[in-house]
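S.K.: Quick one: structure below, then a few questions.
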Amino acid sequence: MSDLPMTPPEEASSCSHAELVALLPPSWPLSREAFEDEDNYWPLRQLKFLARLPHEYSTWLWAEHTVPNGNPPECFAPSTKLCCAYLLPAISLPDDFTVLDAPDGRRIAFFAFIPLYREEMEYKLKAGSDALLDRFERAGVGDVIDPQRPNVCRSGLKRLFGRGA
């Protein structure tokens, strides 16, 4: 994605180069044969889609941006209800992995692809990124992809976390 500059708005002109990572659990099948199954391949498919998006549509992707998988959002694979992408700095990686100053002068930011449920994306758009991140923290949701993780915006979580959840 960072081979070409993206097209950020003027007020974010320094935010023109980024790369994305998908943090997978150690048990995730990564063989060519495993990738023939969409249940194993979808995180990579989504990375490819996201990496092409800014260049095909003259736009940009940056921290806290969300991208639905269609309109209305469709599940990434049959084995998961996750259907939206959320970009955040990776908390599981070392701090010095967040930005790369390339020899050619490009400053490349790195963001983790965090899959979201539709309700989580809608909540983030209404209440803001900090509110969603608070819910993630309370529920123990991190940046390593878990296709079956709890939906932190499911109705009923209010009972679990209290009124403001």
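S.K.: How long are the semi-axes of the equivalent ellipsoid of the stretch 29-123, taking √(5λ) for every eigenvalue λ of the Cα gyration tensor, in whole Å from largest down?
M.R.: Working: eigenvalues 117, 61, 39 Å².
Over the Cα atoms of the stretch 29-123, the ellipsoid semi-axes are 24, 17, 14 Å.
S.K.: Rank these residues by their accessible area, most exposed first, probe 1.4 Å: Thr59, Thr80. The partial results should precede the final answer.
M.R.: Values: Thr59 45, Thr80 5 Å².
Most to least solvent-accessible, the answer reads Thr59, Thr80.
S.K.: So, one more: Run the 1.4 Å probe and let me know the accessible area of Tyr123, rounded to the nearest 10 Å².
M.R.: 50
S.K.: Please list, in chain and number order, the residues 5+ apart from Leu116 or on another chain whose amide H is under 5 Å from its amide H, with Hs placed from the backbone.
M.R.: HN-HN under 5 Å from Leu116: Cys83, Cys84, Ala85, Tyr86.
S.K.: I've got another one for you. Can you pull out the GluC sites (Glu not before Pro) in the stretch 26-59 whose DSSP state is coil and whose Cβ has at most 10 other Cβ atoms within 10 Å? Provide the component values of the computation, followed by the final result.
M.R.: Working: sites: Glu33, Glu36, Glu38, Glu56; in loops: Glu33.
Sites meeting the loop and neighbour criteria: Glu33.
S.K.: Can you pull the percent of the chain's accessible area that's carbon plus sulfur, 1.4 Å probe, other chains left in place? Numbers along the way, then the final one.
M.R.: Values: 4920 of 9570 Å².
Accessible surface attributable to carbon and sulfur in the chain totals 51 percent.
S.K.: When the convex hull of the Cα atoms of the stretch 40-86 is projected onto a plane and the area is averaged over all directions, what value comes out in nm²?
M.R.: Details: hull surface 13.9 nm².
It is 3.5 nm².
S.K.: Please determine, in degrees from 0 to 90 and to the nearest 10, the orientation of helix 38-56 with respect to the longest principal axis defined by the Cα atoms of the chain, where the helix direction is its Cα long axis.
M.R.: Once rounded, the angle reads 50 degrees.
S.K.: Please give the per residue accessible area of the stretch 1-158, computed with a probe of 1.4 Å over protein heavy atoms only, in Å². Intermediate values should be presented prior to the final figure.
M.R.: Details: 8850 Å² over 158 residues.
Per-residue value: 56 Å².
S.K.: Magnitude of the Cβ-charge dipole of the stretch 89-136, K/R +1 and D/E -1, about the Cα centre, nearest 20 debye? Show your work: numbers first, answer last.
M.R.: Working: 6 positive and 9 negative charges, 38 e Å.
Here the stretch 89-136 has a charge dipole of around 180 debye.
S.K.: With each run of n ≥ 4 DSSP H residues scored as -39500 (n - 2.57), what mean residue ellipticity at 222 nm is computed for the chain after dividing by its residue count and rounding to the nearest 500 deg cm²/dmol?
M.R.: Using -39500 (n - 2.57) per qualifying helix, the result is -8500 deg cm²/dmol.
S.K.: For the chain, what is Rg from Cα atoms divided by 2.2 N^0.38 Å, rounded to two decimals?
M.R.: Working: Rg = 16.4 Å, N = 165, 2.2 N^0.38 = 15.3 Å.
Compactness ratio reported: 1.07.
S.K.: Between the helical axis of 118-127 and the dominant principal axis of the chain, each derived from Cα atoms, what acute angle in degrees is found, rounded to the nearest 10?
M.R.: It works out to around 80 degrees.
The values are calculated or read from the model by the stated rules, or taken from the named source; none is laboratory data. Just so we're clear, the structure is a prediction, and the values are computed from it rather than from any experiment. So basically every Cβ, Gly included, is an ideal-geometry build from the backbone, and we count neighbours across all protein chains shown. Just so you know, the surface numbers come from the protein's heavy atoms only, side chains and all, with ligands and any DNA or RNA stripped out. Shrake-Rupley method; radii C 1.70, N 1.55, O 1.52, S 1.80 Å.
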